[in-house]
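Before any comments, here is the structure.
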Amino acid sequence: MVINSTVIEGLRKEYGEAFYLLDSDQFRTNFLELKEAFSSIYPKFNIAYSYKTNYTPKFCKIVNELGGYAEVVSEMEMELALRCGVEHSRIIWNGPIKDKERMSEFLLAGGTVNIDSVSEAEYIKELARATDKVLSVGIRCNYDVADGVVSRFGFDVDGEDFKKVLEIVTTTPNLHFINFQCHFAKRQIEYWPARAKGMVELLDRVGVIPERVDIGGGLFGKMADSLKAQFTSEIPDYKEYAEAAATVFADYFKGKDNAPELIIEPGSAVVGDCMKFVGTVKTIKNVRGKYFASVLGSQKNISMTGINPPMEVVHMSAGEEYEEVDLVGFTCIEGDVLYNNYTGELAVGDAIVISNCGSYSLVMKPPFILPNFPVLDICGEVVEVIKRAETFDDIFHTFNY
Ligand SMILES: Cc1ncc(COP(=O)(O)O)c(C=O)c1O
């Protein structure tokens, strides 16, 4: 995706001075590369894309087209998967709270629900008793991976609740126990062997091998070196994650014919580098010796705090040289800084192009101060409008005046 002043000028004419650029080609590449990294070690492998990270329908449809699962955590996301044409059997519903009615419909239609509480298990047990359909359920598991976190998700695999739920899912007629699942948020590589070993130990101990074992998301994605340098830990690549986790499964199931499908639930790892945000410098001023450039765009658009994101300034006219300019957003928050201490040429009208905006950005953008900007895909021959610019009415039509 080449983004130069000519491209920006053309896009501005049609779509305004701020927009996201979605890179669908990169998304496909990431999905296939990540899949290959794990499959080359443990062939029975698949990806369940974490919708919450970036639920842009175009991404969700690509995952479906490439044979991945949809990992959803709410009725809203489940509905989105269906509207993207994903079959129930390809949707995995995690999440701590599920609406009973929607969950029942979903189970009866063939979707997988990963149980996260005893009350949910008991409700599903009653549902199974009242139907002659087979319902697919999994259990969310929780164990120590030495990451210093006591996660609130899933069941402590050494606890009584876990035993109770395992008993329900393995003995209730019409319940098909389809998978164990876990998710740990910390992305550092050292926690990956632990999560895989924890699962394998669990399978060994309970003596039940479900069809699938899902070891969750929490992987770093590809990023520019300037961004990598701002993390205190190493940023592993796909192969390193695969070696850390898939090898554990390959070793354990070597020569056994009951090997489950191994699943991971990446969001950031596949979508992080698939969106850029383009904003425009609107004013430059000096306040008590400090330069500020106000940008049409906000930290809320990129959801990156405490770091300088990978950024390129595309000059649209001749500018002046500045030192340590803070590029600040359109909101009224003091801390709305897109980039700290930029040094170089800058002019009003310049475009700032921020990369690595794909994860937890668009989905977490509040309607704060301004409606959101459009999302465009410029990978093909023509510009595809993925999401039009939000309008006043998009934000305010739910209020009563
Ligand atoms: C259950 C589950 N799976 C997958 C993910 C995706 O995580 P990431 O985007 O860090 O890969 C999350 C994120 O919170 C999650 O809660």
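The values are calculated or read from the model by the stated rules, or taken from the named source; none is laboratory data. If you're wondering where the values come from, they're calculated on a predicted model, not measured in any experiment. Cβ: placed from backbone, ideal geometry, glycine included. Neighbour counts: every protein chain shown.
Looking for whichever is farther than 22 Å from Lys52 by Cβ, in contact with a Lys or Arg (Cβ under 9 Å, 6 or more places away or on another chain) and assigned by TED's automatic domain parsing to the domain that holds Phe31 here; the options are Ser233, Ser294. Which one fits?
Ser233
Just to be sure, is Arg205 in the same structural domain as Leu107 (by TED's automatic domain parsing), charged (D, E, K, R) and within 16 Å of the ligand (Cβ to nearest atom)?
no
Go through the stretch 146-181 and report how many residues are touching a helix residue (DSSP H, G or I) at 6+ places or on another chain (Cβ under 8 Å), at pLDDT 95 or above and not basic (Lys, Arg).
Of the residues in the stretch 146-181, 14 are touching a helix residue (DSSP H, G or I) at 6+ places or on another chain (Cβ under 8 Å), at pLDDT 95 or above and not basic (Lys, Arg).
Could you give me the residue pairs with C-beta distances under 6 Å whose first residue belongs to the stretch 283-302 and is on the phi > 0 side of the Ramachandran plot, whose second residue is of a type in the set (Val, Ile, Thr) and part of a helix (DSSP H, G or I) wherever it lies, and which are 6+ apart or on separate chains?
So the pair list comes out empty.
Scan the stretch 344-369 for residues that are in contact (Cβ under 8 Å) with a residue 60 or more places away in the chain, more than 17 Å from Arg12 (Cβ to Cβ) and of a type outside the set (Ser, Thr, Tyr) and jot them down.
Leu346, Asn356, Cys357, Gly358, Leu362, Val363, Met364, Lys365, Pro366, Phe368, Ile369
I'd like to check something: does the stretch 266-282 contain any residue that is free of Cβ contacts under 8 Å to residues at least 60 places away in the same chain, in the same structural domain as Tyr339 (by TED's automatic domain parsing) and surrounded by fewer than 19 Cβ atoms within 10 Å (Cβ to Cβ)?
No, because not a single residue in the stretch 266-282 is free of Cβ contacts under 8 Å to residues at least 60 places away in the same chain, in the same structural domain as Tyr339 (by TED's automatic domain parsing) and surrounded by fewer than 19 Cβ atoms within 10 Å (Cβ to Cβ).
Report, by residue number, each residue of the stretch 262-285 that is among the hydroxyl-bearing types (Ser, Thr, Tyr) and within 16 Å of the ligand (Cβ to nearest atom).
Passing the criteria: only Ser268.
Answer yes or no as to whether Leu338 is within 25 Å of the chain's Cα centre (by Cα), more than 16 Å from the ligand (Cβ to nearest atom) and within 23 Å of Gln26 (Cα to Cα).
Judged against the criteria, Leu338 is not a match.
Filter the stretch 297-327 down to residues that are among the aliphatic types (A, V, I, L, M), surrounded by fewer than 19 Cβ atoms within 10 Å (Cβ to Cβ) and within 16 Å of Val353 (Cα to Cα) and give me whichever is modelled with the lowest pLDDT.
Ranking the qualifying residues of the stretch 297-327, first place goes to Ile307.
Find the strands (runs of 3 or more DSSP E) located wholly in the stretch 343-389 whose residues include 1 or more that are within 22 Å of Thr283 (Cα to Cα), and list them.
Here the list reads 351-354.
Contact list please: Cβ distance under 6 Å, first residue in the stretch 130-156 and assigned by TED's automatic domain parsing to the domain that holds Glu201 and more than 16 Å from the ligand (Cβ to nearest atom), second residue part of a loop (DSSP other than H, G, I, E, B) and not aromatic (Phe, Trp, Tyr), pairs at least six apart or on different chains.
Cβ pairs passing all conditions: Val134/Asn174.
Each row is one residue, and each column tells you yes or no for (1) of a type outside the set (A, V, I, L, M, F, W, C); (2) under 27 Å from Val328 (Cβ atoms); (3) part of a loop (DSSP other than H, G, I, E, B); (4) in contact with a His (Cβ under 8 Å, 6 or more places away or on another chain).
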| residue | (1), (2), (3), (4) |
| --- | --- |
| Phe220 | no, no, yes, no |
| Leu227 | no, yes, no, no |
| Thr232 | yes, yes, yes, no |
| Thr247 | yes, no, no, no |
| Ala250 | no, no, no, no |
| Gly255 | yes, no, yes, no |
| Asn258 | yes, no, yes, no |
| Leu262 | no, no, no, no |
| Gly279 | yes, yes, no, no |
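Sort out for me the strands (runs of 3 or more DSSP E) sitting completely within the stretch 6-102 that have 1 or more residues that are more than 13 Å from the ligand (Cβ to nearest atom), assigned by TED's automatic domain parsing to the domain that holds Cys141 and at pLDDT below 95.
none
Which members of the stretch 121-151 meet the condition of being out of contact with any strand residue (DSSP E or B) (no Cβ under 8 Å at 6 or more places or on another chain) and either surrounded by 20 or more Cβ atoms within 10 Å (Cβ to Cβ) or assigned to a strand (DSSP E or B) (or both)?
Val145, the sole residue that qualifies.
Give the residues of the stretch 181-191 that are more than 13 Å from the ligand (Cβ to nearest atom) and buried (at least 16 other Cβ atoms within 10 Å of the Cβ), sorted by residue number.
Of everything in the stretch 181-191, just one residue is more than 13 Å from the ligand (Cβ to nearest atom) and buried (at least 16 other Cβ atoms within 10 Å of the Cβ), namely Ile189.
Pairs needed: first member in the stretch 232-259, surrounded by 18 or more Cβ atoms within 10 Å (Cβ to Cβ); second member anywhere, acidic (Asp, Glu); C-beta distance under 6 Å; at least 6 residues apart or different chains.
Within 6 Å, the pairs are Tyr238/Glu33.
Report yes if Val313 is in a strand (DSSP E or B), within 15 Å of the ligand (Cβ to nearest atom) and free of Cβ contacts under 8 Å to residues at least 60 places away in the same chain, otherwise no.
Judged against the criteria, Val313 is not a match.
Quick check on the stretch 7-15. Is at least one of its residues buried (at least 21 other Cβ atoms within 10 Å of the Cβ), touching a residue at least 60 places away in the same chain (Cβ under 8 Å) and not charged (D, E, K, R)?
no
So for the stretch 164-176 (the condition being farther than 21 Å from Asn46 by Cα, within 16 Å of the ligand (Cβ to nearest atom), of a type in the set (S, T, N, Q) and in the same structural domain as Lys35 (by TED's automatic domain parsing)), does at least one residue qualify?
No: zero hits.
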